[in-house]
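Student: There's a structure below that I have some questions on.
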Amino acid sequence: MGLEMGTLPTEYSEAMRSVRVAKNVLWWLTALAIAIQIAVFVLVAFVGVLNSLSPEARMATSAPTGDAAVFSGTQDQAYYWKTVFVSALDATKFLAVAFSILLALTLLMSVNVAMIGRLGGVGAMMGAFFWTLLLIGFLTPWQHIFQQPPFNGALFEYKDLYSASYRILHGWGAADVSRIDTIVYYVRFLLCPLVAFLLLLMSHLRFRSSCQKMVVAAAMPPAPR
């Protein structure tokens, strides 16, 4: 983040440096997981990398056997991408939630260090923590917890993307698609992950602001008694 913490008391400077490294690693891992989800949707909905597959090949999550395994070059490449998408979406849906929870715990530790050491910037650090809690709530797959939740979570698996895409994408044979269904489709699979990334970015900005305030507070002379 480009901030020097050498002016802070030694023990708290070392603690905050460790917390900052952990926070940055977890932040980037969470961002990467969300970015992969967005990239998969863009490749499916806008690039059309799966359009050459038959409906049965798009729906299946296991390798085809027998005659169904004989694809043309374009279909073989498309099936390869579909296999990658299945694994990538399953992994990133879990990892994004796991990394964001670890990120929240790391920020909570930084709040404790800032409060005990009276380093300053506690308010901004608390803001980073609460933005991350909001992110966790936004990423949580509520459909696995409740039967009919009002919101399913910002992330998705391949089966979710398939069940919605075959009713919306003209390249998959969809016809007479309503505008409302199209809007819901893009909100669910594109806008929601983008909002999740925005929440993650807000957490980073608040953490950065807190570190800046710590450095400024440490550089100020002590108040006269």
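Nothing in this text is a laboratory measurement; each read-out follows from the coordinates by a stated rule. If you're wondering where the values come from, they're calculated on a predicted model, not measured in any experiment. Glycine also receives a Cβ, built like all others from the backbone with ideal geometry; neighbour counts cover every protein chain displayed.
Student: Let me have the relative contact order for the stretch 97-225, percent, based on Cα pairs under 8 Å that are six or more residues apart.
Tutor: Taking the mean separation of contacting Cα pairs over the length of the stretch 97-225, I get 33 percent.
Student: Order these by the 10 Å Cβ neighbour count, fewest first: Thr132, Thr106, Thr140.
Tutor: Thr140, Thr106, Thr132
Student: Please order Met214, Met59 by the number of other Cβ within 10 Å, starting at the fewest.
Tutor: Fewest to most other Cβ atoms nearby, the residues stand as Met59, Met214.
Student: Ranking Ile116, Ile168 by Cβ neighbours within 10 Å, fewest first, what do you get?
Tutor: Ile116, Ile168
Student: Residue by residue through the stretch 93-110, which ³J(HN,Hα) values in whole Hz follow from phi under the Karplus form 6.51 cos²θ - 1.76 cosθ + 1.60 (θ = phi - 60°), with glycine and proline marked x?
Tutor: 5, 6, 5, 4, 5, 4, 5, 5, 5, 5, 5, 4, 5, 5, 5, 5, 4, 5
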